[in-house]
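Here's the structure, in structure tokens; my notes come after.
The values are calculated or read from the model by the stated rules, or taken from the named source; none is laboratory data. None of the values given here were measured: they were computed from a predicted structure. In this analysis, Cβ positions are derived from the backbone assuming ideal geometry, glycine residues included, and neighbour counts consider all displayed protein chains.
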């Protein structure tokens, strides 16, 4: 394993053993970007929040997604086969109904709140 070091005031410390600095943390403002909502240039966090609020949008990112209860937890490489087997076991009518229900669920969850 490779060791990593940090230099603080001329002294080397192994990464993770360096003394903690007692100072306030300052987060810099965001870099300007073009909004995917209306195409305008957003150059500050306050403008970003205003834009989200004005268009009733919610920012998502690092939320942990937990699987619904009752669904078996399988390895990612096995999921495709499990889904394929479930679909193959359905009749045409069952598949159409499941697809319609899922489409309605997506429409319902994407409506304005």
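List the residue pairs whose Cβ atoms are under 7 Å apart, where the first residue sits in region 69-89 and is closer than 18 Å to residue 102 by Cα, the second is assigned to a helix (DSSP H, G or I), and the two are 6 or more positions apart or on different chains.
From region 69-89, the pairs are 87/95.
Can you say whether residue 56 is at positive phi and free of Cβ contacts under 8 Å to residues at least 60 places away in the same chain, as far as the supplied structure shows?
It is true that residue 56 is at positive phi and free of Cβ contacts under 8 Å to residues at least 60 places away in the same chain.
Conditions tested, residue by residue: (1) modelled with pLDDT of 90 or more; (2) surrounded by 10 or more Cβ atoms within 10 Å (Cβ to Cβ).
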{"position": "42", "(1), (2)": "yes, yes"}
{"position": "52", "(1), (2)": "yes, yes"}
{"position": "59", "(1), (2)": "no, no"}
{"position": "65", "(1), (2)": "no, no"}
{"position": "70", "(1), (2)": "no, no"}
{"position": "93", "(1), (2)": "yes, no"}
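Could you figure out which of (1) on the phi > 0 side of the Ramachandran plot; (2) not in a loop (DSSP other than H, G, I, E, B) isn't true of residue 98?
Answer for residue 98: the failing condition is (1).
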